Amino acid sequence: MNNPEAGTHAAGTQAAGSTPAHRILGHSGLSVSAVGLGCNNFGGRLDQTATTAVVRRALDAGITLFDTADIYGNRGGSEEMLGRALGPERQNIILASKFGMDMGDGQQGARPEYIRRALEASLRRLGTDYLDLYQLHTPDPHTPIEDTLGTLNDLVQQGLVRAIGVSNMP
């Protein structure tokens, strides 16, 4: 499995001597640019050409954190377009995605079996074999948090996910 530490991308251009500010993300050990790119407009408001232009501009500016979700871009479109736009640069950035929102046909929540299916689908759409950060998008009142966290821990142990997190928690 290709799981390198985040680094500087090869295609980026920066002013001589300038280094984008980086921070460690929580207790994960992941080094991320202080500014990240939210990718919720990819696959919705932005087509592939515009998505690729935004991603290239972000890389050129030194942004290394790209945050998407399975629900963004009309249920998967953001991940697909981001994966295509990143191409080989994927190995040089921190890629975050989220799961848990209603993807249609009862595909939602934080049940262990659903988390695994959602991750497999996100990895396929993004064209990668691991995520740097995988986040529960919203609480699932029908699933014990111990079950959710146990499954996410298993995914970390399997090398499919480097770190876990939550979003939109009360």
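Residue-wise test of (1) modelled with pLDDT under 95; (2) not hydroxyl-bearing (Ser, Thr, Tyr).
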| position | (1), (2) |
| --- | --- |
| ASP105 | yes, yes |
| SER122 | no, no |
| GLY127 | no, yes |
| TYR134 | no, no |
| THR143 | no, no |
| GLY150 | no, yes |
| ASN153 | no, yes |
| GLN157 | no, yes |
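So, ARG23, is that one over 23 Å from ASP140 (Cβ atoms), assigned to a strand (DSSP E or B) and open to solvent by 50 Å² or more (accessible area, probe 1.4 Å) or not? Here the answer is yes, as ARG23 does meet what is asked.
One residue alone among ASP140, ASP132 is closer than 17 Å to SER167 by Cβ and out of contact with any strand residue (DSSP E or B) (no Cβ under 8 Å at 6 or more places or on another chain), and that residue is ASP140. Of all the residues in region 6-25, those that are more than 22 Å from TYR72 (Cβ to Cβ) and at pLDDT 90 or above number 4. For the condition of a type in the set (A, V, I, L, M, F, W, C) and in contact with a Lys or Arg (Cβ under 9 Å, 6 or more places away or on another chain), what is the one hit in LEU59, LEU133? Of the residues listed, the single one that is of a type in the set (A, V, I, L, M, F, W, C) and in contact with a Lys or Arg (Cβ under 9 Å, 6 or more places away or on another chain) is LEU133. Would it be correct to say that THR68 is within 15 Å of the chain's Cα centre (by Cα) and either modelled with pLDDT under 95 or closer than 30 Å to GLN157 by Cα (or both)? Against the criterion (within 15 Å of the chain's Cα centre (by Cα) and either modelled with pLDDT under 95 or closer than 30 Å to GLN157 by Cα (or both)), THR68 qualifies.
Kindly establish whether GLY83 is in contact (Cβ under 8 Å) with a residue 40 or more places away in the chain and touching a Lys or Arg at 6+ places or on another chain (Cβ under 9 Å). Criteria met by GLY83. Please work out if ARG162 is within 24 Å of LEU86 (Cα to Cα), without any contact (Cβ under 8 Å) to a residue 12 or more places away in the chain and open to solvent by 50 Å² or more (accessible area, probe 1.4 Å). For ARG162, the condition - within 24 Å of LEU86 (Cα to Cα), without any contact (Cβ under 8 Å) to a residue 12 or more places away in the chain and open to solvent by 50 Å² or more (accessible area, probe 1.4 Å) - is not met.
For the criterion of being without any contact (Cβ under 8 Å) to a residue 24 or more places away in the chain and out of contact with any strand residue (DSSP E or B) (no Cβ under 6 Å at 6 or more places or on another chain), GLY106 passes.
The values are calculated or read from the model by the stated rules, or taken from the named source; none is laboratory data. Quick caveat, the model's predicted, so the values are computed rather than measured. Reconstructed Cβ throughout: ideal geometry from the backbone, glycine too, with neighbour counts over all protein chains shown. Keep in mind that these areas ignore ligands, DNA and RNA; they rest on the heavy atoms of the full protein, side chains included. Shrake-Rupley method; radii C 1.70, N 1.55, O 1.52, S 1.80 Å.
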